[in-house]
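These notes concern the structure reproduced below.
The values are calculated or read from the model by the stated rules, or taken from the named source; none is laboratory data. Because the structure is a prediction, the values reported are computed rather than measured. Glycine gets a Cβ as well: all are built from the backbone with ideal geometry, and neighbour counts include every protein chain shown. SASA here: full protein model, heavy atoms, side chains in, ligands and nucleic acids out. Shrake-Rupley method; radii C 1.70, N 1.55, O 1.52, S 1.80 Å.
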Amino acid sequence: MNTQHSFNKPNANKLAVIGGLLGLLPFWGLALAELWESGEQVVSASTYLVNYAALILTFVGAIWWGIALTASQDSLGGIARSFLFGWSLVPCLLAWFLLLLDPAIALIAIASLLLLQWLLDFIFLWRTQLIAQWFWQLRVVLTLGAVPALLLAALRLS
């Protein structure tokens, strides 16, 4: 795999990069809602943020499903493929469960799971070269952009 990708080179999918970066706006807009809202509106913003973050957690887990479907037999053996399929379901199921919890707890848990997924992506996808460098760089930026917003919102709720 060519590891000479970056956000600025033509190998990076511009729509993926722009869409990913725009996806940070709801994280920060909802996390900062308390600055201009109060009472029930803050609770609503935190509920919306938990729901949005749960969707994103589901999405990053689903990336593993896509890789398991599309990776060649040479790059991914049967056990590894099964592991990718299996793990891809975990973030979705955990996200669904977290929707039932208190928003402050759910926000901290989702932030932790996004970091765990990022670490697993590094170990199982980036180091094994199943994803391109530009995509790994995007994952880093998006994770480091989303997690602080979730933690800030959780802090404001407690």
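Numbers at a glance
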| read-out | value |
| --- | --- |
| Residues of the range 74-93 satisfying the condition of being in a helix (DSSP H, G or I) and hydrophobic (A, V, I, L, M, F, W, C) | Ile79, Ala80, Phe83, Leu84, Phe85, Trp87, Leu89, Val90, Cys92, Leu93 |
| Failed item, numbered, when Ile108 is tested on (1) modelled with pLDDT of 95 or more; (2) open to solvent by less than 60 Å² (accessible area, probe 1.4 Å) | (2) |
| Some residue of the range 31-44 being modelled with pLDDT of 95 or more, surrounded by fewer than 12 Cβ atoms within 10 Å (Cβ to Cβ) and of a type outside the set (Val, Ile, Thr) | no |
| Single residue of Trp134, Trp64, Trp96 found to be open to solvent by 70 Å² or more (accessible area, probe 1.4 Å) and in a helix (DSSP H, G or I) | Trp96 |
| Near pairs, Cβ below 8 angstrom, 6+ apart or cross-chain, from the range 47-73 (in contact (Cβ under 8 Å) with a residue 60 or more places away in the chain and more than 29 Å from Leu157 (Cα to Cα)) to any residue that is outside any helix (DSSP H, G or I) and open to solvent by less than 30 Å² (accessible area, probe 1.4 Å) | Ile67/Leu76; Ile67/Ile131 |
| Qualifying residue in the range 74-91 (condition: open to solvent by 70 Å² or more (accessible area, probe 1.4 Å), among the charged types (D, E, K, R), at pLDDT below 95 and over 17 Å from the mean Cα position of the chain (by Cα)) | yes |
